[in-house]
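Following: one structure in structure tokens, then a few remarks.
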Amino acid sequence: QVQLVESGGGLVQPGGSLKLSCSHSGRTFSWSSIGWFRQAPGKEREFVAGIRWNSGSTWYADSVKGRFTISKDNAKNTVYLQMNNLKPEDTAVYYCAATNRLINLRVPGAYDYWGQGTQVTVSS
């Protein structure tokens with residue numbers, strides 16, 4: 001029904017920056033809750049950042065707080081994840097998730113839709 005598409009991943013040196021984007025294709029979909037998650041090889045998927053579309057309220061994992069910023073553009077109907085001061089530990093596949101319900105943004109199972117993922121590699 002609804003397809004999420006992420007973009008912006010790539011290879012960057014430690015201390016560098018990347019900006020990820022997430023958009024959806026649903027003609028009747030109005031997202032309420034959006035989250036960014038990541039999964040490194042051999043690790044479980046973990047919460048990175050989340051945002052409520054209407055209010056703009058944001059939440060962050062402790063590991064990225066102060067370095068990452070989640071934001072939205074109402075006109076473009078797009079959610080972003082600005083990642084600064086990247087560390088090798090940030091290397092993972094990053095996923096965008098969304099739902100049109102108010103949920104606990106930190107819980108993966110609460111989301112209805114997921115993107116295909118985009119690879120972020122931080123290495124010198």
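The values are calculated or read from the model by the stated rules, or taken from the named source; none is laboratory data. Here the structure is a predicted model, which is why all the values come from computation and not from measurement. Neighbour counts are summed over all protein chains in view; Cβ atoms, including those assigned to glycine, are modelled from backbone coordinates with ideal geometry. Protein only, heavy atoms only, side chains kept; ligands, DNA and RNA dropped before computing areas. Shrake-Rupley method; radii C 1.70, N 1.55, O 1.52, S 1.80 Å.
Do we have any residue at all in the range 68-75 that's of a type in the set (A, V, I, L, M), part of a loop (DSSP other than H, G, I, E, B) and at pLDDT below 95? Within the range 68-75, one or more residues are of a type in the set (A, V, I, L, M), part of a loop (DSSP other than H, G, I, E, B) and at pLDDT below 95. Kindly indicate whether any position in the range 66-78 is open to solvent by 70 Å² or more (accessible area, probe 1.4 Å), free of Cβ contacts under 8 Å to residues at least 40 places away in the same chain and closer than 21 Å to residue 1 by Cβ. No, the range 66-78 contains no residue that is open to solvent by 70 Å² or more (accessible area, probe 1.4 Å), free of Cβ contacts under 8 Å to residues at least 40 places away in the same chain and closer than 21 Å to residue 1 by Cβ. Taking (1) in a loop (DSSP other than H, G, I, E, B); (2) open to solvent by 50 Å² or more (accessible area, probe 1.4 Å); (3) closer than 23 Å to residue 100 by Cβ; (4) free of Cβ contacts under 8 Å to residues at least 40 places away in the same chain in turn, residue 56 satisfies each apart from (2).
Only one of these is in a loop (DSSP other than H, G, I, E, B) and open to solvent by less than 30 Å² (accessible area, probe 1.4 Å): 102, 86, 81. Name it.
Values: 102 fails: open to solvent by less than 30 Å² (accessible area, probe 1.4 Å); 81 fails: in a loop (DSSP other than H, G, I, E, B).
From the options 102, 86, 81, the qualifying one is 86.
Among the numbered conditions (1) out of contact with any strand residue (DSSP E or B) (no Cβ under 9 Å at 6 or more places or on another chain); (2) touching a residue at least 40 places away in the same chain (Cβ under 8 Å), the only one that residue 44 does not meet is (2).
Return the residues of the range 19-39 that are in a strand (DSSP E or B) and either out of contact with any helix residue (DSSP H, G or I) (no Cβ under 9 Å at 6 or more places or on another chain) or among the charged types (D, E, K, R) (or both); say none if nothing qualifies.
Here is the first cut: in the range 19-39, the residues in a strand (DSSP E or B) are 19-24, 33-39.
Hits for the range 19-39 are 19, 20, 21, 22, 23, 24, 34, 36, 38, 39.
Considering the range 1-45 alone, what residues qualify as being among the charged types (D, E, K, R) and farther than 20 Å from residue 70 by Cβ? It would help to see each step written out before you state the result.
Here is the first cut: in the range 1-45, the ones among the charged types (D, E, K, R) are 6, 19, 27, 38, 43-45.
Those that are among the charged types (D, E, K, R) and farther than 20 Å from residue 70 by Cβ: 27, 43, 44.
One residue alone among 113, 95 is out of contact with any Ser or Thr (no Cβ under 7 Å at 6 or more places or on another chain), surrounded by 16 or more Cβ atoms within 10 Å (Cβ to Cβ) and among the aromatic types (Phe, Trp, Tyr), and that residue is 95. Being among the small types (Gly, Ala, Ser), in contact with a Leu (Cβ under 7 Å, 6 or more places away or on another chain) and within 20 Å of residue 117 (Cβ to Cβ) is true of residue 33. Selection of the range 1-18 for residues being over 22 Å from residue 112 (Cα atoms) and in a strand (DSSP E or B) yields 10, 11, 12, 18. Residues in the range 40-53 that are assigned to a strand (DSSP E or B) and open to solvent by less than 60 Å² (accessible area, probe 1.4 Å): 47, 48, 49, 50, 51, 52.
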